[in-house]
1. Scan the stretch C:250-300 for residues that are open to solvent by 30 Å² or more (accessible area, probe 1.4 Å), closer than 17 Å to C:Leu98 by Cβ and part of a loop (DSSP other than H, G, I, E, B) and report the count.
2. Does the stretch C:228-249 hold any residues that are away from chain A (no Cβ under 12 Å) and open to solvent by 30 Å² or more (accessible area, probe 1.4 Å), and which are they?
3. Is it the case that B:Leu269 is out of contact with any Cys (no Cβ under 9 Å at 6 or more places or on another chain), in the same structural domain as B:Lys118 (by TED's automatic domain parsing) and open to solvent by less than 20 Å² (accessible area, probe 1.4 Å)?
4. When the residues of the stretch C:59-101 are narrowed to those that are of a type in the set (A, V, I, L, M) and under 17 Å from C:Gly255 (Cα atoms), which ends up modelled with the lowest pLDDT?
5. Would you confirm whether or not the stretch A:236-249 contains a residue that is within 8 Å of another protein chain (Cβ to nearest Cβ), out of contact with any Pro (no Cβ under 9 Å at 6 or more places or on another chain) and open to solvent by 10 Å² or more (accessible area, probe 1.4 Å)?
6. Find the helices (runs of 4 or more DSSP H) located wholly in the stretch A:108-187 whose residues include 1 or more that are more than 14 Å from chain C (Cβ to nearest Cβ) and open to solvent by 30 Å² or more (accessible area, probe 1.4 Å), and list them.
7. Have a look at C:Ile137, C:Ile118, C:Ile93 and point out the one that is touching a residue at least 40 places away in the same chain (Cβ under 8 Å), touching a Phe, Trp or Tyr at 6+ places or on another chain (Cβ under 8 Å) and within 19 Å of C:Leu215 (Cα to Cα).
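The values are calculated or read from the model by the stated rules, or taken from the named source; none is laboratory data. Given the structure is predicted, the values throughout are model-derived calculations rather than measurements. Virtual Cβ from ideal backbone geometry, glycine too; neighbours counted across all protein chains shown. Heads up: the accessible areas ignore ligands, DNA and RNA and are worked out on the full protein's heavy atoms, side chains in. Shrake-Rupley method; radii C 1.70, N 1.55, O 1.52, S 1.80 Å.
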Amino acid sequence: MTAEAGVRPGARTQFARRAVGSPGVRVAGRRLLAVIPVLWGVTFLTFIVMNMLPGDAAQELLGANATPAEVHQLEIQLHLNEPFWVRYGNWFGGLLKGDLGTSLSGGQPVTTILGQRLPVTAELLLYAFVASVVFAVGLAVLAARRPNGIGDRISMAVSMMGLSIAPYVLAPVLVYLFAIKVGWFPAIGYTPLTQNPVENIKSLTLPAASIGFPLFAVYTRLLRADIVEQMQREDYIVTARAKGVPPWRILIRHALRNSLFGLITLVGLNFGTLIGAVAIIEPIFSLPGVGAILIESINNRDLPVVEGIVVIFAVITVAANLLADLLYVALDPRIRYERAAV
Amino acid sequence: MRFRLKSMRTVCLGLAAIVIAACSSSSSSTPGNNTSAAPASGGSLTVLEWSGFAGDWPAGLDPATNTNGAADQSQMDAIYGELFELGPRGVIIPDLATGYAFSNGGKTITIDIRQGVKFTDGTPFNAAAVVWNIKRDLASSCTCKPVWLVKSVTATSPSTVQVNLLVPDGAFINQIFDSTADWIASPAAVQKMGEKAFALKPVGAGPFVVVSDTPSSVLVLKKNPGYWQKGRPYLDSLTFKAVGGDEAAYEALLAGNGQVYEDMSTPALLKQAAQHFNVENQLSTSPYDLQLNTLTPPFSNVKARQAIYAATNFAPILQHIFSNLYPMTEGFTGPGGICYQPTVPGYPSYNLALAKSLVRQLGGLTVNLGTIQNLVAQYTTEALQTEWQQAGIKVTISSYPLASLIAQFTGKKWQAMVQTAGSYDPAAGVGVGFRFSSLSPFSGVHDPHLDGLLNQAAATVDQSQRCQFYNQAAQYIAQKYYGPFYFAFAPANIAVRGVTGPGLSQPLPAVVVTPTILWEDVSYNKAAS
Amino acid sequence: MSAPLFRPAGPQTLLPPEVTAPKRARTRRAENWTHDLKITIPLGLLILIAGACFLWPLVYPVPKPTGGSILDAGLPPFSPGHLFGTDAVGNDIFSRILYGGRVSFEVGVSVTAIGLVIGGLFGVIAGYLGGITDAVISRVLDVLIAFPALVLALAIAEGLGPSELHVIWALSFFGIPAVGRVARAATLALREQTFMLAARLAGTPRWRVVLRHILPNIMPQLMTFSLLGIGVIIILEGALSYLGLGIPPPNPSWGSMIANGQQTLSSQPELVLIPSAFLFVTVLSLNLLGDALRERWGVR
């Protein structure tokens, strides 16, 4: 944030003061401490839920024609026979040391599996977010330029469609149109970035669009509403207008800039909640990401892999929430942040 | 245990593949591709595999540790080759082995090993390596291990392996196909890399070498330059990719993201696919059957079982759900396998009036009919539900994910299940014993007489004698109303035009649900596509 | 879930836009009229679809959604007696749409109602009481938000077997924290208002403050949020059925109809198009209605 003319005079110094000053740091510290019980709660809940399922990994691995002795042998080998608390303790202890255990069905370390698959998912989500934010900003500015004009109505209609279409309906439509009919993008598969950057982007475009279109719709609507409100209400805009600053400059430099904070907040909140979308979309496009193995791992009772994925997404969610809260506290003087952000 | 019981996982997945594959008879309109012109060398193929079956290899591709076993047969064969291959019309093709002989009344099997072959790491392929592999397979904790009752396995010379069994086994060679013992890993590589690293980048003596492997996702292979068979393989590279299902695979082929899809089974799509691609229907070996649990009510009562036979009419189901693609059968054998017998003397036919009166005599009949979570299987149970309701039977249906399906069987409380039974050789793969032997956890039948018949059949080396035992067994199953059979099913392989080879432009019999494509003989002539 | 709701509404945002930007009477009348249309059209569509789903089978005989004859399998749309045709086992698709729609509405409304009652309660308590109560409730909501609802739904479906009730439970874990956070944020914003301070100074009991001052003031925000929430839940129910974890077969649900249809999309696209269209129009109507009400009530 740079202190340019017209942007809430003194905003930068206020920001700096607040960031260094005690309340913000206190809030951050308290939030960081609060992350630990949340992470613990999420992993513990997952452990409980997975333990309630019928059958265990040993039975699943050996098949039903295994003798009880064989199953018992493997249970000992996999430490499945130990009490719930011991197993959870071992796992959580490992987590604190950065060790997520070993996959029960594949025998590979979970960190290896995640290391192989997480980059694909991360790239997919990043692509979806960046694209949806960029398009949302463009469309929202276009729409807010003349509220209730033709551009506004079209962009609102497009974003309303995005809000209402299910990703599992959208994905096949995109495949039909852009993979089969015109052949711009592949229908399935993933090309690593290191192998061919152009093919890499192409291979992720349709899945990123399936995940990103609904996000884009939400962002566009939020941003447009924010900009329109800013343009109508905020004193500094009125002042700028009165001073004869050109309308587009007010729109981009002032209204959009100040409206972006709301968007950042929302992007942060959304990031971690996409585990479900990833689990549905990745298999449709045969992407070798973490979503593709989540459901299979649950079916296989492969607890370490499920926990590994859940932890990653929980950390992302919590971190994004924390960041969003802090940003919000720092940016909006109207809030009594000490209470609001706790 | 006499009957070879594959890992439950493989079997159930196998059923899913079978069940899904439901339609393709007349659509094999383009089988004339096996032209006499010499196949062109070169080219690359991307092969799509359903992520619920062949496209699933979470534990890697080491024969001794791959819990998915025969489901991944295509990848395994491309990397390791096979000792023996099952060729068109059931011909046994010597691959890395050159011959075999039974002796000692079926208790001793001598296998001749091909000489002058090297693993792709440069170490020699010989009898000692084969013995090391078979012993390792037998000792592994995986239930995909061979279940022969082995007394000893020895290398009697650098080129002969002798297997001594405790009991005679006439089906030994048929049981090797697509079993872990058919795939020989390089002992030096396993020891050098360690089991886990080896599973991710395995070393064999097959037509292809592993370039990279993301388990259950992508496997990239390239031609083995030192392959023992001169001029093979034809392809320069071969890539396996997991894909979500038949429709996704079909769309991917249309979009040009792959050239081959194995095991398509959705009837409506097979018709559609025939318009653009070569659809190769395989020879059916594993009939659908309806398992009844004789251990618990209601099917502990023979009248209830008889009522099911009388109330079940497979003809309209075959016509409308499976587009009449498969031959009806009354036993556990199919036209692609040995001992095929489509009609069984004394098989009880559809008779709604009889069914109604039996249900009345029983004072009503309530059945829970289950199957694996799969669309075509679910449709089948829905259609059966409607038919049985006409006879006054109350039916609830359930479709279970794999884990829950296993739990149903181990819990022994299940009543009726739509499954598949049979194999190229009834004693091999997911054979008849899997569904009908007392020893099998997936059997609803516990009858010493039937066990005796099946054991005698498996122990007999002479094939016509074996078939007689199997025919008796089929007759006995019908007579006791142990479970009706529908039709002999097999999935189809889809390939873009220009791809030729056994299993792609020429039908192959299946050992475990689906046939194994002989990848060294597959070629891709892009000009013809 | 949309973010504006996580942002405490300032006092001025509760006022309708007309107050700050007065317009001439004629445009205002025209605007009122379009505003009415913005409410009546989606509301009418919703009543039409929901009414058809719940009432049509009562007043006009339709074939059963399950147990169709295999001999009628695969009929195209507009076949005699089967407006939308039949599926692969001979069930009437029109009937399956109606009964599947019931599931969507029942799940959507129940989950949202549970979310409103439980999430709303905890959100208001946390926001109003503050302190340690707020900290504890907020952490629990954080856990629920960070906990992937999909994992829970999978577990419930596998452990207890798929059923409509279990779907409602599983999705409630998604609805409760979302509503909870909105209610907390809205309450928090109200706390700072002068009339609240006045009530507190006048010695009004806490429960009365909550009932008389907080609930009526946060209701519009919660209601519009819930309308949008029903749409989200209907899509999520479809996702669970799509993954085979929702309504057990053979009973219909729009999600499972779409999932099953997608397996033969290339040969029979209508099996996907019909339920997709109903799903889309229903969710679209809910979103449009929520939007229009938000505008009318001046809620952000």
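1. Residues that pass the stated criteria total 1.
2. C:Pro248, C:Pro249
3. Values: out of contact with any Cys (no Cβ under 9 Å at 6 or more places or on another chain): no; in the same structural domain as B:Lys118 (by TED's automatic domain parsing): yes; open to solvent by less than 20 Å² (accessible area, probe 1.4 Å): yes.
So B:Leu269 fails the test.
4. At the first step, the residues of the stretch C:59-101 found to be of a type in the set (A, V, I, L, M) are C:59, C:62, C:70-71, C:73, C:75, C:83, C:88-89, C:93, C:97-98.
Checking the rest, the ones that are also under 17 Å from C:Gly255 (Cα atoms) come to C:88, C:93, C:97-98.
Values: C:Ala88: 82, C:Ile93: 91, C:Ile97: 94, C:Leu98: 94.
Result: C:Ala88.
5. Taking every residue of the stretch A:236-249 in turn, none turns out to be within 8 Å of another protein chain (Cβ to nearest Cβ), out of contact with any Pro (no Cβ under 9 Å at 6 or more places or on another chain) and open to solvent by 10 Å² or more (accessible area, probe 1.4 Å).
6. Working: elements: A:110-145, A:150-164, A:167-174.
In the stretch A:108-187, A:110-145, A:150-164 are the helices (runs of 4 or more DSSP H) which contain 1 or more residues that are more than 14 Å from chain C (Cβ to nearest Cβ) and open to solvent by 30 Å² or more (accessible area, probe 1.4 Å).
7. Working: C:Ile118 fails: touching a Phe, Trp or Tyr at 6+ places or on another chain (Cβ under 8 Å); C:Ile93 fails: within 19 Å of C:Leu215 (Cα to Cα).
Criteria check complete, one pass: C:Ile137.
Every residue, every condition in (1) out of contact with any Pro (no Cβ under 8 Å at 6 or more places or on another chain); (2) within 11 Å of another protein chain (Cβ to nearest Cβ); (3) among the aliphatic types (A, V, I, L, M), yes or no:
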site	(1), (2), (3)
B:Lys230	yes, no, no
B:Pro233	no, no, no
B:Gly244	no, yes, no
B:Ala273	yes, yes, yes
B:Val279	yes, no, yes
B:Gln282	no, no, no
